[in-house]
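Structure record follows, encoded as structure tokens.
The values are calculated or read from the model by the stated rules, or taken from the named source; none is laboratory data. On a predicted model such as this, the values are computed, not experimentally measured, just so you know. Cβ placement follows ideal geometry from the backbone for every residue including glycine, while neighbour counts extend to all protein chains displayed. Keep in mind that these areas ignore ligands, DNA and RNA; they rest on the heavy atoms of the full protein, side chains included. Shrake-Rupley method; radii C 1.70, N 1.55, O 1.52, S 1.80 Å.
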Amino acid sequence: IMNAIDCLPDSFHITVILINVEGFSYDEAAEILGVPGGTIRSRMKRGRTLLQKALWTQAREAGIVSAETTKEK
């Protein structure tokens, strides 16, 4: 999972790390990064979508799931 997180673009990477790994709230992450709360929410939505795609790709490459399973992902 950390490999997939590390591959995220920087703005999404740090946001996902702060919230999902370090456990900061959205408001705390916004304050740390000096951006509005709405920006944090947007980055988390996009970051989670990118992370999900990356994890499905890793699972496919590892043979955990088949290409048919992830066809619509």
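Taking other residues whose beta carbon is less than 13 angstrom from the beta carbon of residue 47, and scoring Lys, Arg as +1 and Asp, Glu as -1, yields +4.
Suppose R0 equals 35 Å; then what is the FRET efficiency for residue 41 and residue 6 from their Cβ-Cβ distance, rounded to the nearest 0.05? Write down the numbers at each step before the final one.
Numbers: r = 22 Å, r/R0 = 0.63.
Computed FRET efficiency for residue 41 and residue 6 comes out at 0.95.
Would you mind getting the Kirkwood hydrodynamic radius of the stretch 1-58 from its Cα pairs, rounded to one decimal in Å? Write down the numbers at each step before the final one.
On the way: mean 1/r = 0.0894 Å⁻¹.
For the stretch 1-58, inverting the mean 1/r across all distinct Cα pairs yields 11.2 Å.
Full extension of the chain between residue 67 and residue 32 gives 8.6 nm of extra length, using 0.36 nm per residue less the Cα-Cα distance.
Computed 3J(HN,Hα) for the stretch 50-58, one whole-Hz value per residue from the Karplus formula 6.51 cos²θ - 1.76 cosθ + 1.60 where θ = phi - 60°, is 5, 5, 4, 4, 5, 5, 4, 5, 4, glycine and proline marked x.
Sum -39500 (n - 2.57) across every DSSP H segment of at least 4 residues in the chain, then divide by the residue count to get the 222 nm mean residue ellipticity, nearest 500. Walk me through the numbers before you get to the answer.
Details: 4 runs with 45 residues, N = 73.
So the helix-based figure for the chain works out to -19000 deg cm²/dmol.
On a per residue basis, the stretch 5-56 carries 60 Å² of accessible surface, using protein heavy atoms and a 1.4 Å probe.
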